[in-house]
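Every read-out reported here was derived from the displayed coordinates using simple, explicitly stated rules and does not represent laboratory data. Given the structure is predicted, the values throughout are model-derived calculations rather than measurements. Using ideal geometry, Cβ is built from the backbone for each residue, glycine included, and neighbour counts are taken over all protein chains shown.
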Amino acid sequence: MTIQHQARKRFGQNFLVDQHIIGQIVAAIGPSADDNLIEIGPGTAAITEHLIQRCPTMKVVELDRDLVGFLTEKFADYPDFSIYSGDALKTDFAQFHDGRQLRLVGNLPYNISTPILFHLLKNRTLIKDMHFMLQREVVDRLSAAPGSKTYGRLSIMVQYHCRVMPLIPVPPSAFRPAPKVQSAIVRLKPHSTKPCLAENEELLSQIVSLAFQQRRKTLRNGIRAYAEHLVGVEAVVDLSRRAEDLSVADFVALSNYINQRILSKK
Ligand code: SAH
């Protein structure tokens, strides 16, 4: 079955057409029959039709109702396949947890890639891994190391929760219509044991945000809102360093120090 579907800009639709790339993506995911596999934004099923062969119980979440109709028909012979019609940003992914951790897959609209990542990370303990097609620039930011130009809040907050593995570069010609930007497949694997643990993740996030508002200034300047809690902090982190040069572990140590100071004043 084929579909004459006019790609809709408002749903960020760029459909994969390059069978070689699709094959590489499916191989990278390596789906198996007992996976709790969920695809977000299956579209015209370019990836789905391969995944479902190996995992007939897979689920999909699709926003475009026309495509939901198409998918329902296309996979009518798969009784264990489920379609959730709706917005992935408003979907409670915890509902899919059935004792098996989730494996999430998606070639998502690029304008919602960061919000969806943060939405999914709320349920990180329920997630085994995620394979996403993103703008290559976003993949670079996700995987950036300290000192690099693309290193920032996104790198730190995602690396705090996940191991980030850039996998497959994908050119615009792999899609119809072709996007203006380069893309890449990235694998995110939530840490089962975090390499470093923030006592207060909200505080970590606030400190990282503040510090990167002026990424080239010294940390002392960037986080001066916390000045009263910084007495003695030099034993943990050198405040004359710049935000862009601190590792995830440095930020966690800094936020734990400030957290202890705040608690001791209560
Ligand atoms: N995975 C397909 C389609 C990619 S286009 C392929 O690779 O060819 C992006 C898909 O995400 C479209 O099907 C679009 O309708 C869907 N989509 C867009 N916003 C969404 C949202 N908020 N929640 C779920 N699906 C969404």
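In degrees from 0 to 90, rounded to the nearest 10, what is the angle of the helix 248-265 Cα long axis to the longest principal axis of the chain?
60 degrees
Mind listing the phi-derived Karplus ³J(HN,Hα) values for region 34-39, rounded to whole Hz, using 6.51, -1.76 and 1.60 with θ = phi - 60°, and x for any glycine or proline?
Per-residue couplings from phi come out as 9, 6, 9, 9, 10, 9 Hz.
Which angle between 0 and 90 degrees, to the nearest 10, do you get for helix 65-74 versus the longest principal axis of the chain when only C-alpha atoms count?
50 degrees
From the phi of every residue in region 78-95, what ³J(HN,Hα) in whole Hz does the Karplus formula 6.51 cos²θ - 1.76 cosθ + 1.60 yield, where θ is phi - 60° and glycine or proline is x?
10, x, 9, 7, 10, 10, 10, 8, x, 8, 4, 5, 10, 7, 8, 6, 4, 4
Using only Cα atoms and rounding to the nearest 10 degrees, what angle (0 to 90) does helix 201-213 make with the longest principal axis of the chain?
For 201-213 against the chain, the angle is about 80 degrees.
Residue separation times 0.36 nm, minus the C-alpha to C-alpha distance between D245 and S192: what's the value? Provide the component values of the computation, followed by the final result.
Details: separation 53, 0.36 × 53 = 19.08 nm, distance 2.62 nm.
Value of the extension gain: 16.5 nm.
Suppose every Lys and Arg Cβ carries +1 and every Asp and Glu Cβ carries -1, with no other charges. What dipole size does region 13-107 come out with about its Cα centre, to the nearest 20 debye?
Numbers: 7 positive and 14 negative charges, 35 e Å.
The dipole magnitude comes to about 160 debye.
At 222 nm, what value in deg cm²/dmol follows for the chain if DSSP H runs of at least 4 each add -39500 (n - 2.57) and the sum is divided by all its residues, to the nearest 500?
Numbers: 9 runs with 89 residues, N = 266.
Value at 222 nm, helices only, nearest 500: -10000 deg cm²/dmol.
Rank A225, L254, V208 by how far each Cα sits towards the positive end of the charge dipole of region 201-264 (+1 on Lys, Arg Cβ; -1 on Asp, Glu Cβ) and give me just the farthest.
A225
When ranked by the protection proxy of mean other Cβ atoms within 10 Å per residue, highest first, what sequence do the peptides 44-53, 169-178, 112-121 form?
On the way: 44-53: 19.9, 169-178: 15.4, 112-121: 18.0.
Ranked by mean Cβ neighbours within 10 Å, highest first: 44-53, 112-121, 169-178.
Between region 87-106 and region 13-77, what's the alpha-carbon centroid distance in Å?
Using only Cα atoms to place each centre, the spacing works out to 15 Å.
Charges at C-beta only: +1 for Lys and Arg, -1 for Asp and Glu. How large is the resulting dipole of the chain about its Cα centre, in Debye rounded to 20? Provide the component values of the computation, followed by the final result.
Numbers: 33 positive and 26 negative charges, 207 e Å.
Using Cβ point charges on Lys, Arg, Asp and Glu, the chain gives about 1000 debye.
Under a crude label model (7 Å from the Cα following the beta-carbon direction), how far is V231 from K217 in nanometres?
The answer from the label model is 2.4 nm.
Tell me, what is the FRET efficiency for A7 and S264 to the nearest 0.05, using R0 = 51 angstrom and their Cβ-Cβ distance as r? Walk me through the intermediate numbers first.
Values: r = 57 Å, r/R0 = 1.12.
The computed FRET efficiency comes out at 0.35.
Hey, got the dipole for region 201-264? About the Cα centre, +1 on K and R Cβ, -1 on D and E Cβ, debye to the nearest 20? Write down the numbers at each step before the final one.
Numbers: 8 positive and 8 negative charges, 62 e Å.
Magnitude of the dipole: close to 300 debye.
Under 10 °C and 1.306 mPa s, how fast does region 201-264 diffuse according to Stokes-Einstein, given a Kirkwood radius computed over C-alpha pairs? Answer in µm²/s, whole number. Numbers along the way, then the final one.
Working: Rh = 11.4 Å.
Estimated via Stokes-Einstein, D reaches 140 µm²/s.
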